[in-house]
Amino acid sequence: MTSQMISSLPSASAAGTWQLGDLTVNRLGFGAMRLTGTGPFDIGVPRDRGQSIAVVRRAVELGVNHVDTAAFYFSALRSANELINSALSSGADDVVVTTKVGPGRQADGEWWWAEPAQLRGQVEENLRQLGRDRLDVVNLRIKGKAVEPMLERFAALAELREAGLIRHLGLSNVSVEQLAAAREVAPVVCVQNRFGVGATVEQRAVLHACGEAGIAFVPFFAIAGQGREEGPAAAEELAVTEIAAAHEASAAQVRLAWTLAQGPHVLAIPGTGNPEHLVQNVAAGALRLSEAELARLDAI
């Protein structure tokens, strides 16, 4: 991929498609976490509302038809769900919106975790904010690795699916064991786990389990990599930088291209509130790394 190619109008369709149940989505999607503020879960200075709405609409224009959000994505005066609702109100009926429940946030930003009986309230909150009668996909975000507490919550969501409030169910932050147990309760169309260059053996095991079952694997923090809190390791940074230079691409684009190369069932949901970064992220769907480059990144 040359700089000329990157600057041309990209399309999310270049990454190919996958199924979320009966819903077909382009593998290059959009994450809404950074729509509301300068940082994730920022309750300080909000982003410009008009720009955030424009970014979502621009994403759809570039072929994005899979948007990931949550009711707990908010900052002072801004709600990601409301921004998406406003951005998609003029059409884009084919855009699949995936949301998450389990965690919740108070107005001051303090976190809490829903009990099984509280999940209906979280689902209804997402319905209100998104202006929908049914949610396309709801991911249950898990806290901890215990199976039984997860099953209680997943069963509660399965009841809401049967009631028609949810079309499809997914999981987030789960182990192979939890995924297998949940599938005994109800169909799982996607798993959203942390994954990027430098992924651990456990993280790769979940990716492979999803591939074997035909379940979409949707990494978060794919651009940031494993060292998000302390910065990427030197070897990782060097490899990504050198490969990016060879393709006249950005480091973020290389990380996204590597992510998509992990399997046809792997989706990417890079998030941004910056229009220029959006175009670059979508363009990464057309970047193809060589076998040697993929092997170098896999070895980290």
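Of the numbered criteria (1) of a type outside the set (Phe, Trp, Tyr); (2) modelled with pLDDT of 95 or more; (3) within 21 Å of the chain's Cα centre (by Cα), the one residue 94 fails is (2).
For the range 257-269, what are the residues that are small (Gly, Ala, Ser) and surrounded by fewer than 24 Cβ atoms within 10 Å (Cβ to Cβ)? If the condition is that a residue be small (Gly, Ala, Ser) and surrounded by fewer than 24 Cβ atoms within 10 Å (Cβ to Cβ), then 261, 263 are the ones that fit.
Every condition in (1) closer than 24 Å to residue 95 by Cα; (2) buried (at least 21 other Cβ atoms within 10 Å of the Cβ); (3) touching a strand residue (DSSP E or B) at 6+ places or on another chain (Cβ under 9 Å) is met by residue 182 except one, and the failing one is (1).
For the range 80-100, what are the residues that are of a type in the set (Gly, Ala, Ser) and surrounded by fewer than 22 Cβ atoms within 10 Å (Cβ to Cβ)?
86, 89, 90, 91, 92
Remark: residue 254 falls outside the filter, which requires a residue to be assigned to a strand (DSSP E or B) and buried (at least 22 other Cβ atoms within 10 Å of the Cβ).
Of the residues making up the range 41-64, none is part of a loop (DSSP other than H, G, I, E, B), crowded, with 16+ Cβ neighbours inside 10 Å, at pLDDT 95 or above and polar (S, T, N, Q).
Filter the range 265-287 down to the residues that are assigned to a loop (DSSP other than H, G, I, E, B), under 19 Å from residue 34 (Cα atoms) and touching a helix residue (DSSP H, G or I) at 6+ places or on another chain (Cβ under 7 Å), then identify the one that is modelled with the highest pLDDT. Out of the qualifying residues, it is 270.
Have a look at 191, 197 and point out the one that is buried (at least 16 other Cβ atoms within 10 Å of the Cβ) and either free of Cβ contacts under 8 Å to residues at least 12 places away in the same chain or not in a strand (DSSP E or B) (or both).
Result: 197 is the single residue among 191, 197 that is buried (at least 16 other Cβ atoms within 10 Å of the Cβ) and either free of Cβ contacts under 8 Å to residues at least 12 places away in the same chain or not in a strand (DSSP E or B) (or both).
Surrounded by fewer than 20 Cβ atoms within 10 Å (Cβ to Cβ), modelled with pLDDT under 95 and over 21 Å from the mean Cα position of the chain (by Cα): does that describe residue 115? When the stated conditions are applied, residue 115 does not pass them. Residue 262 meets all of the listed conditions (1) part of a loop (DSSP other than H, G, I, E, B); (2) over 24 Å from residue 100 (Cα atoms); (3) of a type in the set (S, T, N, Q) but one, namely (2). Taking the range 145-160 as the range and being surrounded by fewer than 19 Cβ atoms within 10 Å (Cβ to Cβ), assigned to a helix (DSSP H, G or I) and of a type outside the set (A, V, I, L, M, F, W, C) as the test, the residues that pass are 148, 149, 152, 159. Among the residues of the range 270-300, which ones are among the β-branched types (Val, Ile, Thr) and either out of contact with any Asp or Glu (no Cβ under 7 Å at 6 or more places or on another chain) or buried (at least 24 other Cβ atoms within 10 Å of the Cβ) (or both)? Correct list: 272, 279, 282.
Checked against (1) surrounded by fewer than 21 Cβ atoms within 10 Å (Cβ to Cβ); (2) at pLDDT 95 or above, residue 69 passes all but a single condition, namely (1). Contact map, the range 164-176: first residue touching a residue at least 40 places away in the same chain (Cβ under 8 Å) and part of a strand (DSSP E or B), second residue surrounded by 22 or more Cβ atoms within 10 Å (Cβ to Cβ) and among the polar types (S, T, N, Q), Cβ cut-off under 9 Å, separation 6 or more or different chains; pairs are 168/98; 170/98; 170/139; 170/192; 172/139; 172/192; 172/193.
The values are calculated or read from the model by the stated rules, or taken from the named source; none is laboratory data. What you see is a predicted model; the values in this text were computed from it and never measured. For neighbour counting, all protein chains shown are included, and Cβ atoms are generated from backbone atoms with ideal geometry for every residue, glycine included.
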